[in-house]
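Computed from the coordinates by the stated procedures, all read-outs in this text should not be read as laboratory data. Since this is a predicted model, take the numbers as computed values, not measurements. For neighbour counting, all protein chains shown are included, and Cβ atoms are generated from backbone atoms with ideal geometry for every residue, glycine included.
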């Protein structure tokens, strides 16, 4: 096997206010859940049906956590890119439990706020300073600057 990829892309809404915590080393982290939904029409009953999946998200890094703390609220529409990570913990009775989370940490992570500009004012500009921007480079030096998009 030449390599592998662990990449998650989600577009959805937060279910509640993000929770901001501090690690033992003093850095901050944010945790919240994001809902993704799909809708389809049942061929037999002709009724529309919905299915919602909830995803646990953990964000490390003081810059991104500051953006989450200031601008992400219950119901915020977010686009996130991160990676899946499963961790083991013990419940109060000492039983082993496992949880899988979407982790945003470092340069392979993206957080984009998609709410209406009137609700977020300068959030998008500020968030771009603290998230990783991926810029596609081109070897063609004759790029047409009049492209209408």
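One line per residue, one yes/no per condition, for (1) touching a helix residue (DSSP H, G or I) at 6+ places or on another chain (Cβ under 8 Å); (2) farther than 18 Å from residue 111 by Cα:
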residue: 14; (1), (2): no, no
residue: 18; (1), (2): yes, no
residue: 21; (1), (2): no, yes
residue: 33; (1), (2): no, no
residue: 58; (1), (2): no, no
residue: 79; (1), (2): no, no
Practice item. Filter region 26-61 down to residues that are surrounded by 13 or more Cβ atoms within 10 Å (Cβ to Cβ) and farther than 20 Å from residue 9 by Cα, then give me how many there are. Key: 1
Check your understanding: Is it true that residue 68 is buried (at least 16 other Cβ atoms within 10 Å of the Cβ), out of contact with any helix residue (DSSP H, G or I) (no Cβ under 6 Å at 6 or more places or on another chain) and not in a strand (DSSP E or B)?
Key -> yes
Practice item. Could you please give the count of residues in region 96-115 that are in a strand (DSSP E or B), out of contact with any helix residue (DSSP H, G or I) (no Cβ under 7 Å at 6 or more places or on another chain) and under 19 Å from residue 27 (Cβ atoms)? Key: 3
Practice item. Starting from region 34-48, take each residue that is without any contact (Cβ under 8 Å) to a residue 60 or more places away in the chain and list its partners that are surrounded by 10 or more Cβ atoms within 10 Å (Cβ to Cβ) and in a loop (DSSP other than H, G, I, E, B), counting only C-beta distances under 7 angstrom and pairs at least six apart or across chains. Key: 35/15
Check your understanding: Which pairs have Cβ atoms under 9 Å, sit 6 or more apart or on different chains, and link a residue in region 18-29 that is without any contact (Cβ under 8 Å) to a residue 40 or more places away in the chain and on the phi < 0 side of the Ramachandran plot to one that is exposed (fewer than 15 other Cβ atoms within 10 Å of the Cβ) and assigned to a loop (DSSP other than H, G, I, E, B)?
Key -> 29/23
Review point. Restricting the search to region 3-50, which residues are outside any loop (DSSP other than H, G, I, E, B) and more than 21 Å from residue 76 (Cβ to Cβ)?
Key: 22, 40, 41, 48, 49
